[in-house]
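Worksheet: one structure, shown below.
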Amino acid sequence: MINNTLPPGWHPSLSVPPDTQDAKRWAWIVHILYIASFFAGITSIPGVIVAYLKRRDALGTIYESHFTYAIRTFWLGLVFAIVTTTLCFVLVGYAILPFFFIWWLIRVIRPVVALMDNRPIANPTGFF
């Protein structure tokens with residue numbers, strides 16, 4: 001019996017459909033650029049650009065959620081950074097800064113673990 005829910009080219013013994021290897025590679029590149037942003041903050045900009053460019057190519061695959069998550073991480077992080085930086089002028093931002101760092105760390109590690117397990121991000125539009 002043929003299972004019509006499987007994508008074309010997918011065989012149950014494969015861990016990743018063959019046509020998604022390119023999407024997986026680009027997802028890794030995006031996440032590596034985000035990790036590099038801990039050392040050079042500007043690398044998240046090319047990361048989000050790649051995520052926008054490759055999300056359409058990954059439609060219907062587990063990697064679509066990775067690109068959506070990366071895009072959302074960038075924009076939420078940018079807003080969070082602006083608010084925190086602004087609040088630093090009244091010294092409150094310094095108390096928020098560690099939470100922002102932990103949040104960004106979670107948002108960077110979580111997709112790497114999912115990629116290693118060949119699974120999508122459970123809630124790509126969530127806050128964590």
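The values are calculated or read from the model by the stated rules, or taken from the named source; none is laboratory data. Keep in mind it's a predicted model, so treat the numbers as computed, not measured. Positions of Cβ are generated from backbone atoms using ideal geometry, with glycine treated the same way; all protein chains shown enter the neighbour counts. Note: accessible area is taken over every heavy atom of the protein model, side chains too, but ligands, DNA and RNA are not part of it. Shrake-Rupley method; radii C 1.70, N 1.55, O 1.52, S 1.80 Å.
Is it true that residue 55 is surrounded by 13 or more Cβ atoms within 10 Å (Cβ to Cβ) and either touching a helix residue (DSSP H, G or I) at 6+ places or on another chain (Cβ under 9 Å) or charged (D, E, K, R) (or both)? Yes.
If you take the residues in the stretch 91-128 that are aromatic (Phe, Trp, Tyr), assigned to a helix (DSSP H, G or I) and in contact (Cβ under 8 Å) with a residue 24 or more places away in the chain, which one is least open to solvent (accessible area, probe 1.4 Å)?
103
The residue that is modelled with the lowest pLDDT, among those in the stretch 1-49 that are more than 24 Å from residue 74 (Cβ to Cβ) and β-branched (Val, Ile, Thr), is 2. When 25, 55 are checked against the criterion of being charged (D, E, K, R), without any contact (Cβ under 8 Å) to a residue 24 or more places away in the chain and touching an Asp or Glu at 6+ places or on another chain (Cβ under 7 Å), a single residue qualifies: 55.
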